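Asker: This is the structure, below, for whatever I ask next.
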Amino acid sequence: MIIDCHGHFTTAPPQLAAWRERQLAALDSPSDAPDPAGLRISDDDLRAAIEPNQLRLMDERGTDLTVFSPRASFMAHHLGDFAVSAAWARICNDLVHRVSTLYPRRFAMGAMLPQSPGVDPATCLPELRRAVEELGAVSVNLNPDPSGGRWTAPPLTDRSWYPLYEALVEYDVPAMIHVSTSCNPAFHTTGAHYLNADTTAFMQLLQGDLFADFPTLRFVVPHGGGAVPYHWGRFRGLAQALGGPRPEDLLGRNVFFDTCVYHRPGIDLLMSVVPSEGVLFASEMIGAVRGVDPLTGHHFDDTRRYVDATDRLSDEQRAAVYAGNALRVHPRLAARLAASGR
């Protein structure tokens, strides 16, 4: 089995974006905000959005199941207040849930949280609980920078995040550390802000001892862990100087990187440096990089080609990267698959 742990609904029907535009247009006049019940998206609309896109590519590339969450750049937690974010998160989560219901063998739901800059993270708990208990979410996306590139939030080791961590541990659900759109022109959203955030989040974890308080808490740091594998010696040296946890002790236990690295040498480096038990297969396809690589003739985000080809993994390790590690990190997904005989 091949499980893609990182997919987003980037091809959602246009009615969703139109509703969001109306919501944002009403930020200064909340009475004009659109009614969520007015959003009309049929099952046929969802099939038309999924089948020629994500589902087609999954079939072509041999991916069995994708952990599927709302579009990351659409989260835009920096726009509006908490009430705006809460309404938007609920709509997006409901839509992804419907996709996972239409295609239960191919998609498992990941949820977004209704974060808002300067607002207590505990305000996200009702939507987190709804997503897990009512919608069947197997993971959530956690934005370490709801301000959209201004980095006003405290580090992930700060106790203000603890109510969320307590709920994640209670439900045995991992969080993917994933920022959203950058409103800072110095940081391109997908080329800089995403990778900066991955690197920053990992460094924050080395500066504290979060997992002493939450030994079963699990984070997926996407996009290959940002700059971390390339600068592995730097992070090992900093951890030693700071007296914190060693990077190699976090990977495979509490922290996991994915394979959203879009060329073979990058995957070779990732697999050479990071313990294989700390890597999950992912593609984030139809995402940040959608084009065809002229050097190979294949899509940049066809990451299975790189994982298949790398000589840094044994067959047993490759199987773990493709599915075994994801099932360890997502116990609710593992239970669901076991219950269906898969």
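Asker: How large, in percent, is the carbon and sulfur part of the accessible surface of the chain at a probe radius of 1.4 Å?
Answerer: Working: 7300 of 13850 Å².
Percent of accessible area from carbon and sulfur atoms in the chain: 53.
Asker: Under 13 Å from the Cβ of ALA18, count the other residues' Cβ atoms, weight Lys and Arg +1, Asp and Glu -1, and hand me the total.
Answerer: +1
Asker: Considering amide H positions built from the backbone, and no H for Pro or chain starts, which residues 5 or more places from PHE9, or on another chain, come under 5 Å of its amide H?
Answerer: Hits under the 5 Å cutoff: SER69, ARG71.
Asker: Work the Kirkwood hydrodynamic radius out for segment 149-213: mean of 1/r over every pair of different alpha-carbon atoms, inverted, in Å.
Answerer: Computed over segment 149-213, the radius equals 13.1 Å.
Asker: Check which residues have an amide H placed less than 5 Å from LEU142's amide H, if you skip close sequence neighbours.
Answerer: Under 5 Å from the amide H of LEU142 lie the amide H atoms of MET176, ILE177, HIS178, each far enough along the sequence or on another chain.
Asker: For TYR171, what charge total do you get from the other residues with a beta carbon under 15 Å from its beta carbon, if Lys and Arg give +1 and Asp and Glu give -1?
Answerer: The answer is -1.
Asker: I would also like to ask the following. Residues in segment 100-129, backbone N under 17 Å from the label point at GLN15 (7 Å along the Cα-to-beta-carbon vector): list them, ranges by number please.
Answerer: Only 100-102 fall inside the zone, counting backbone N under 17 Å.
Asker: Whole Å is fine, so just give me how far the alpha carbon centre of segment 310-341 lies from that of segment 189-249.
Answerer: Between the Cα centre of segment 310-341 and that of segment 189-249, the gap is 23 Å.
Asker: What number comes out for accessible area per residue over segment 103-205 if the probe is 1.4 Å? Units Å², please.
Answerer: 34 Å²
Asker: Related question: Accessible area of ARG20, 1.4 Å probe, to the nearest 10 Å²?
Answerer: Taking all protein chains as shown, ARG20 has close to 20 Å².
Asker: What residues have an amide H closer than 5 Å to that of ILE2, excluding those fewer than 5 places away on the same chain, when H is modeled at 1.01 Å from N in the peptide plane?
Answerer: Here ASP64, LEU65 satisfy the definition.
Asker: Below 13 angstrom from the Cβ of PRO155, what's the summed charge of the other residues (Lys, Arg +1; Asp, Glu -1)?
Answerer: Details: positive: ARG159; negative: ASP145, ASP158, ASP209.
Residues near PRO155 contribute -2 overall.
The values are calculated or read from the model by the stated rules, or taken from the named source; none is laboratory data. Not measured: the values here are computed from a predicted model. Every residue, glycine among them, receives a Cβ derived from its backbone with ideal geometry; neighbour counts consider all protein chains shown. All accessible areas refer to the heavy atoms of the entire protein, side chains included, with ligands and DNA or RNA removed. Shrake-Rupley method; radii C 1.70, N 1.55, O 1.52, S 1.80 Å.
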